[in-house]
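Here is the structure we will look at, set down as structure tokens.
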Amino acid sequence: MGLPRILQHRFADFDAMTEAIPDFDASYVQLGTGPVDTQLTRVALDRLLVLRCDERVPQYVFRATAPPAPSLAFPLDVNPQAVWGGTPIGETTLVHYAAGAEVVGRSTGALAWASIIFDQEVLDRHAARLGIEIAPRTSSAQLLAPAPAAMADLRAAARRLFTIADSAHIVLEIPEVRRFQEEQLLTALVRAAGTAGEEREAVAISHRRIVLRALDVLQRRCDEPVYLAELCEAAGVSERTLRTAFQRIHGASPIRYLHVHRMGQARRALLEADPSRERVADIATRFGFANLGRFAVEFRQLFGVSPSQLLRSAR
């Protein structure tokens, strides 16, 4: 049996959110302190899959791999603190993800965004019916800049769908209602994509590639410490260039990113540890934290719980 037409989840940490999203392969590193409160709504129409994510979180950085179908993502509420590939998100932001494309970015504070996953043939047929030409996209991820009025219409169409999903979702079981909502979304999506110019910058593209090479190392060696020189070697750049790329894409130095990444590794290890056989000190040392007192203080500030409490609650 497939997934229900409407799914809604609430998450208090990024690990749970990562595991529960079936459409995007995403990983997060929390850089700021404070609680995570995120709600995901997933609406499956007949020809479109529509996601909404309402985030109230501390600063984080992310890496995501798009699903095996193209998608377009956009903010429902504009927040200049959100950054895509080093570029702040604005009211005319529309991000095109080619199937399987990779992207990196960061966000702080509250952000509500939507993503529409579609079959390219469906979008092309709808565009032909409307007499709108959509420029071909690359096989990567692109930041687009549609006309403001077109983006406003797209956000309004998405909000109408989510209002139904939140308060009267049973009506989406009616084929005529689904068809109407889908037609409205497709029309708004085609008009936005048809008016979109590309926001490209060679330096920003280069910085994304550098960061992705470094993140590949962190992903492959998720259970052991990684050092700055190794990231520079993997990315093929100097420490200065790596620092510039991380600062632009993630708003943090590679040293800070590495430090918090190791904190996340230690957190996962504590959750998976056997409290009767392992100690906090053993796990902290494994990931390069020699000062146990400082580790405990920073851990609590970052995740809202002490490492010893987390170890006691481990499965």
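Is it the case that Ile255 is touching a helix residue (DSSP H, G or I) at 6+ places or on another chain (Cβ under 6 Å), within 18 Å of Val29 (Cβ to Cβ) and part of a helix (DSSP H, G or I)?
no
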Total residues in region 159-171, condition out of contact with any strand residue (DSSP E or B) (no Cβ under 7 Å at 6 or more places or on another chain) and surrounded by 10 or more Cβ atoms within 10 Å (Cβ to Cβ)
7
Go through region 96-127 and give me each residue that's of a type outside the set (Gly, Ala, Ser) and farther than 16 Å from Phe74 by Cβ.
Glu102, Val104, Arg106, Thr108, Asp119, Gln120, Glu121, Val122, Asp124, Arg125, His126
Quick check on my filter: what residues within region 106-139 are touching a helix residue (DSSP H, G or I) at 6+ places or on another chain (Cβ under 7 Å) and closer than 23 Å to Arg213 by Cβ?
Arg106
Restricting to region 71-94, and then to whatever is part of a loop (DSSP other than H, G, I, E, B) and not small (Gly, Ala, Ser), can you tell me which residue is surrounded by the fewest Cβ atoms within 10 Å (Cβ to Cβ)?
Pro80
Does at least one position in region 186-197 carry a residue that is closer than 13 Å to Leu45 by Cβ and surrounded by 15 or more Cβ atoms within 10 Å (Cβ to Cβ)?
yes
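No lab work stands behind these numbers, since they all come straight from the coordinates. Computed from a predicted model, the values in this text were never measured in an experiment. When we count neighbours, we look across all protein chains shown, and the Cβ atoms used for this are built from the backbone with ideal geometry, even at glycine.
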